[in-house]
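The next block holds one structure in the form of structure tokens; read it before the comments.
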Amino acid sequence: MGAERSRRSEPVRPAEPASAPRNAAAPQDQVTLTGTSRQLQRLAVAVAAAPELDLRRVEALRALIDKGHYEFDARRIADRIADFERDLAGR
């Protein structure tokens, strides 16, 4: 009655495009990192290299602050904040 259908015993492979050479290298993916992502990578490395938090030192400083005996150098703190901002800006 109708057309006969045959069964194939091997899997069907997709046909190669006519314009593609047979021995051409596979295209390679390329990733371009933004300045922000490079900066985040540098910061991640810096954080990983940072020393662990000394909880005893933190508690000692808290006690000094609570008692009003903690002295600080405002100029040194301002300089360190400025250095941090420069590092973040990548300069």
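We did not get these values from a lab; they are worked out from the coordinates using the rules stated. It should be emphasised that the depicted structure is a prediction, and the values quoted were computed from it without experimental measurement. Positions of Cβ are backbone-derived with ideal geometry, glycine not excepted, and every protein chain shown enters the neighbour counts.
Tabulated results
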{"read-out": "Cβ-derived FRET efficiency at R0 25 Å, residue 84 paired with residue 62, nearest 0.05", "value": "0.65"}
{"read-out": "Calculated FRET value between residue 72 and residue 39, using beta carbons and R₀ = 30 Å, to 0.05", "value": "0.55"}
{"read-out": "Label-point gap, in nm, between residue 46 and residue 32 - each point 7 angstrom along Cα→Cβ", "value": "2.6"}
{"read-out": "47, 31 arranged by Cβ crowding within 10 Å, fewest neighbours leading", "value": "31, 47"}
